[in-house]
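The values are calculated or read from the model by the stated rules, or taken from the named source; none is laboratory data. A quick note: this is a predicted structure, and the numbers were derived from the prediction, not measured. Note that each Cβ is placed from the backbone with ideal geometry, even for glycine, and that neighbours are counted across all protein chains shown.
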């Protein structure tokens with residue numbers, strides 16, 4: 001019985017389709033997961049950045065709220081794909097970019113995961129080091145090892161961790177908010193209403209980039225939900241969790257930075273813990289900081305593992321992994337992220353701001369293409385077995401999507417404002433960075449215009465393959481797009497999950 005429980009806890013699947021018999025949970029699980037993932041120190045610092053770089057608290061909080069709603073809605077649309085397809089997020093990109101062409105956005109996604117792992121490890125390492133008394137560098141290493149173990153166990157533990165973190169971190173943030181308002185008057189913090197468009201748009205962009213960066217992996221954590229799960233429920237519970245959690249954390253960060261002034265920058269963990277108190281309370285807050293970062297870093301490691309497998313499998317025909325191969329992929333993410341954390345820990349704040357804005361430029365075109373294809377072109381009808389076959393209906397490379405993606409990257413550069421590059425149209429706009437808006441709108445329209453008549457590769461109904469029993473294949477649960485048994489003349493390629501075991 002103990003062995004059976006261990007087997008049920010440790011995940012066996014990677015990028016193969018989750019059969020209906022292994023589906024479980026409800027859409028509400030997306031709320032607790034994303035609430036817990038966003039009630040954490042890096043989200044606090046993201047909110048603080050808006051104030052650190054010039055916005056007053058009132059317009060910083062307002063801009064962050066707009067960015068969280070807009071970016072969170074795009075992210076939640078990706079989440080709704082999980083129950084429908086039963087696949088990790090990025091493998092569905094093969095329908096747009098081709099089985100091998102999907103490696104183009106995937107390469108940037110992997111960089112994202114390693115970067116977020118590193119940035120989270122810097123802050124969590126400070127907390128772990130203080131809590132255990134052995135310093136920041138050993139704290140980063142210990143935290144990385146625990147993160148790797150959590151990612152290796154997989155999906156079930158991730159959701160358990162999210163539920164636990166959502167409760168513990170919410171209680172801690174209520175307490176910290178109360179302590180902050182004891183130290184600083186809220187009316188005074190929000191009294192300055194002077195509006196400056198560039199820094200306001202920076203606040204919007206920081207929050208939007210935070211949310212959009214979840215897009216490449218959000219469906220990884222909804223793909224085990226029953227196929228009958230409502231797409232609307234998945235969307236709204238995901239948006240509610242990520243929107244509430246991130247805005248709560250970022251608002252606290254913006255207010256803390258406004259109240260603390262220069263004493264916050266570079267001493268974020270110490271300031272927050274000192275705000276709470278000393279002794280046992282300080283130890284508890286260090287634990288909360290480490291717990292919040294553990295939740296999100298496990299997500300980043302797990303998502304990075306999925307993306308690396310998706311990249312390799314496009315060329316090797318690989319869809320199922322052994323436990324040893326799974327551990328190797330996760331170990332690679334862990335080692336790379338830890339090395340980056342140790343190298344960059346002394347210049348974290350500025351580097352993280354630029355990193356967020358870079359990610360926004362890289363992922364908005366992918367997100368636009370993926371969502372337009374899924375909801376408007378294919379209308380949720382995909383041939384899942386063909387995702388593993390370069391000779392199948394999606395081919396190896398789909399040049400329309402790749403061309404639009406590259407154009408979506410390039411069109412943002414004139415509007416991009418970062419520490420290492422500022423586009424020529426930033427100054428005429430008063431210093432405002434609107435690259436993320438351009439990066440969503442232009443590729444979405446361009447891809448729709450180019451792909452709306454290119455529908456020969458789209459099946460009449462969703463083809464699930466052998467991963468789902470035939471009797472369950474029609475259980476689409478009102479999410480649209482079919483879900484019936486594959487027609488006899490589809491010419492479907494090898495079934496997902498039938499590739500060589502790594």
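Some observations on this one:
- In the range 359-393, the qualifying residues are those that are in a loop (DSSP other than H, G, I, E, B) and surrounded by 24 or more Cβ atoms within 10 Å (Cβ to Cβ), and the one that is modelled with the highest pLDDT is 382.
- Subset of the range 229-241 [in a loop (DSSP other than H, G, I, E, B) and out of contact with any helix residue (DSSP H, G or I) (no Cβ under 8 Å at 6 or more places or on another chain)]: 230
- Residues that are modelled with pLDDT under 90, surrounded by fewer than 16 Cβ atoms within 10 Å (Cβ to Cβ) and not in a helix (DSSP H, G or I), drawn from the range 425-452: 430
- Test result for residue 164, surrounded by 20 or more Cβ atoms within 10 Å (Cβ to Cβ), under 21 Å from the mean Cα position of the chain (by Cα), at pLDDT 85 or above and in a helix (DSSP H, G or I): no
- The single condition from (1) modelled with pLDDT of 90 or more; (2) crowded, with 23+ Cβ neighbours inside 10 Å; (3) assigned to a helix (DSSP H, G or I) that residue 310 fails is (1).
- Exactly one residue out of 69, 10 is surrounded by fewer than 23 Cβ atoms within 10 Å (Cβ to Cβ) and within 20 Å of the chain's Cα centre (by Cα), and it is 69.
- The range 182-200 residues that are touching a residue at least 40 places away in the same chain (Cβ under 8 Å), paired with ones that are outside any helix (DSSP H, G or I) (beta carbon under 6 Å, 6 or more apart): 192/56; 197/430; 197/432; 198/430; 198/431; 198/432; 199/54; 199/55
- For the range 99-121, the count of residues that are in a helix (DSSP H, G or I), at pLDDT 90 or above, buried (at least 22 other Cβ atoms within 10 Å of the Cβ) and within 15 Å of the chain's Cα centre (by Cα) is zero.
- Residues being crowded, with 19+ Cβ neighbours inside 10 Å and without any contact (Cβ under 8 Å) to a residue 12 or more places away in the chain - total across the range 251-287: 1
- Unique residue being touching a helix residue (DSSP H, G or I) at 6+ places or on another chain (Cβ under 9 Å), surrounded by 18 or more Cβ atoms within 10 Å (Cβ to Cβ), part of a helix (DSSP H, G or I) and without any contact (Cβ under 8 Å) to a residue 40 or more places away in the chain when the list is 139, 125: 139
- Residues satisfying the stated conditions in the range 176-190, i.e. in a loop (DSSP other than H, G, I, E, B) and modelled with pLDDT of 90 or more: 190
- The test for being under 30 Å from residue 107 (Cβ atoms) and either touching a helix residue (DSSP H, G or I) at 6+ places or on another chain (Cβ under 8 Å) or at pLDDT below 90 (or both) does not hold for residue 197.
- Some residue of the range 242-260 being under 21 Å from residue 84 (Cβ atoms) and either modelled with pLDDT of 95 or more or part of a helix (DSSP H, G or I) (or both): yes
- Among the candidates 43, 37, 50, 55, residue that is surrounded by 24 or more Cβ atoms within 10 Å (Cβ to Cβ), part of a loop (DSSP other than H, G, I, E, B), touching a helix residue (DSSP H, G or I) at 6+ places or on another chain (Cβ under 8 Å) and modelled with pLDDT under 95: 55
- Where residue 410 falls short, out of the listed (1) modelled with pLDDT under 85; (2) out of contact with any helix residue (DSSP H, G or I) (no Cβ under 9 Å at 6 or more places or on another chain): (1)
- Annotation: residue 87 fulfils all but one of (1) in a helix (DSSP H, G or I); (2) buried (at least 24 other Cβ atoms within 10 Å of the Cβ); the unmet one is (1).
- All told, residue 206 falls short of being touching a residue at least 60 places away in the same chain (Cβ under 8 Å), farther than 28 Å from residue 365 by Cβ and crowded, with 16+ Cβ neighbours inside 10 Å.
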